[in-house]
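In what follows, a structure is listed as structure tokens, so that the remarks can point back to it.
The values are calculated or read from the model by the stated rules, or taken from the named source; none is laboratory data. Remember, it's a predicted structure, so these values are computed and weren't measured experimentally. Reconstructed Cβ throughout: ideal geometry from the backbone, glycine too, with neighbour counts over all protein chains shown. Note: areas computed on protein heavy atoms with side chains; ligands, DNA, RNA excluded. Shrake-Rupley method; radii C 1.70, N 1.55, O 1.52, S 1.80 Å.
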Amino acid sequence: MKYLNFFFLFVSFVNAQNVQEPTDNIYVKQIWPQQQMFLNNGSKSRNYLEVNLPANTIEWYFSFSTSEDEASKKSLDLFTKVSMVAATAFATGGTGIAAATSIANKIEVPPGSAAIDVYILDGSNVNKFLNKSDKWYNGSDNYSSLASFPQRKQGKFPVVNYTSGTYYIGLCNTATLNSVNVSIEVVAIARKKSLDEL
């Protein structure tokens, strides 16, 4: 794992604290280096990435880009991009909406070429999603997502209202003819010490 000191907007930003704090209390952790996930148009049209958040996570980010070429690999470099702007964003804007917006606005994602549906799921719904037990496959056990981003070819998403525990990024290829190769990376911004410990 990499560490470094120092969608745009996700729906329903919730952060009660907009606290100025020393930037040396904040670090960026790479939860997942860039992964390649292949979604076909049949039995393996869905997959997920498990996101285990570090203690005192302030917010986390993921970016992705798609291609119909299985061998294609888009360079996301999300860890480096977030690390470069995080310290400045927190120093000038505090935490929460202002910082997340500032960071997200500075992240560039290579354009994708194949649309997929993206979900944020909790542990009680990820298997329902993966097993296709929902209405789209004539099932009766629908899954519930915490957030959904339909038909995106690429994206960058800060998450500020689910910051403790484990979540899952669900990826779904809805195309009936084409497979999709997804490049995806996940990072978190966290505190070394909680605000109560400062």
- Item | Leading residue by the ranking (nearest to Val126 (Cα to Cα)) among those in the stretch 156-198 that are open to solvent by 10 Å² or more (accessible area, probe 1.4 Å) and under 13 Å from the mean Cα position of the chain (by Cα) | Tyr168
- So Ser83, is it at pLDDT below 95, surrounded by fewer than 19 Cβ atoms within 10 Å (Cβ to Cβ) and small (Gly, Ala, Ser): no
- Message: Among (1) modelled with pLDDT under 95; (2) under 30 Å from Ser133 (Cβ atoms); (3) surrounded by fewer than 17 Cβ atoms within 10 Å (Cβ to Cβ); (4) under 14 Å from the mean Cα position of the chain (by Cα), there is one condition Phe10 misses while meeting the rest; what is its number?
- Response: (3)
- Task: Among the residues of the stretch 58-80, write down those that are open to solvent by less than 50 Å² (accessible area, probe 1.4 Å) and more than 17 Å from Trp32 (Cβ to Cβ).
- Result: Ile58, Ser67, Ser72
- Item | Top-ranked residue in the stretch 26-64 [being part of a strand (DSSP E or B) and hydroxyl-bearing (Ser, Thr, Tyr); ranked as modelled with the lowest pLDDT] | Tyr27
